Amino acid sequence: MYEAGEHGHYGDGGMLPWWAWAGIGAVFTACGTLAFLAVAPPESMSGGFNPRLSADYSAMDVVPAGGSFEGTMGQVSWALDVPSVSWYADLQASLETSMPDPANGMKYVAIEVEIATEFPNTTPMDEAFFLTYLAPSGQEYTMHYCSSGCLSDPGPAVYETEGWAYFEVPRSERAGGHLRVKLLYSGTVDTLMELR
């Protein structure tokens, strides 16, 4: 004969209540998140590719955003600052430079550069520096040439050069990265300037 008390207590013996399943799910989610964070590659301050972890860039000094590059070529000291960056500079390039519109799927990144030397500028800027843009993806881009409206040498009697360096990059590139500064004929390792 069936007695409710005998089997009623064990009628749902294989099932956990909903709140127990929710707790187990929360534990698994938290563990998964911690595991992802533990194995995810660290990012640099400017996001994405971290040059300090790359054999190609790890020996280079990294100047934090807002800092200045300083170097010497022969007996002449040079300083370089980046006052601002325009991550979508297509309109700026169209209005202020001689450059054509960027190719399909591309955009211009414009980096404002101020270069100073302690002597009148007897060496043109493009014979002193080679600038490239290291994007958050880890890809490097060379400066786009333009005949007017860009970074240009002001003449031999001036101590400072200022203007914009333009780089044509895929539209998918995020904001951030570094300006790679090579002071030519100095014998020193290139320097990376963090951009924000």
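Overview of results
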| quantity | calculated |
| --- | --- |
| Considering residues of region 85-115 that are among the aliphatic types (A, V, I, L, M), surrounded by fewer than 19 Cβ atoms within 10 Å (Cβ to Cβ) and without any contact (Cβ under 8 Å) to a residue 60 or more places away in the chain only, the residue farthest from Val169 (Cα to Cα) | Leu95 |
| Cβ pairs under 6 Å, 6+ apart, first in region 59-84 and polar (S, T, N, Q), second open to solvent by less than 60 Å² (accessible area, probe 1.4 Å) | Ser68/Ala79; Ser68/Asp81; Ser84/Glu112 |
| Criterion: in contact with an Asp or Glu (Cβ under 9 Å, 6 or more places away or on another chain) and assigned to a helix (DSSP H, G or I) - qualifying residue of Ser94, Ser77 | Ser94 |
| Count of residues meeting criterion [within 20 Å of the chain's Cα centre (by Cα), closer than 18 Å to Ala59 by Cα and not charged (D, E, K, R)] in region 169-191 | 6 |
| Lone unmet requirement of (1) touching a residue at least 40 places away in the same chain (Cβ under 8 Å); (2) open to solvent by 40 Å² or more (accessible area, probe 1.4 Å); (3) closer than 25 Å to Gly66 by Cα; (4) part of a loop (DSSP other than H, G, I, E, B) for Ser147 | (3) |
| Residue in region 55-66 that is surrounded by 13 or more Cβ atoms within 10 Å (Cβ to Cβ), within 14 Å of the chain's Cα centre (by Cα) and of a type outside the set (A, V, I, L, M, F, W, C) present | yes |
| Any hit, region 118-135, residues being modelled with pLDDT of 95 or more, open to solvent by less than 40 Å² (accessible area, probe 1.4 Å) and touching a helix residue (DSSP H, G or I) at 6+ places or on another chain (Cβ under 7 Å) | yes |
| Scope region 59-106; condition among the β-branched types (Val, Ile, Thr) and over 16 Å from Ala128 (Cα atoms); matching residues | Val62, Val63, Val82, Val85, Thr97 |
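The values are calculated or read from the model by the stated rules, or taken from the named source; none is laboratory data. Just so it is clear, the model here is predicted, and its values are computed rather than measured. Positions of Cβ are generated from backbone atoms using ideal geometry, with glycine treated the same way; all protein chains shown enter the neighbour counts. Heavy atoms of the whole protein, side chains included, go into the accessibility calculation; ligands, DNA and RNA do not. Shrake-Rupley method; radii C 1.70, N 1.55, O 1.52, S 1.80 Å.
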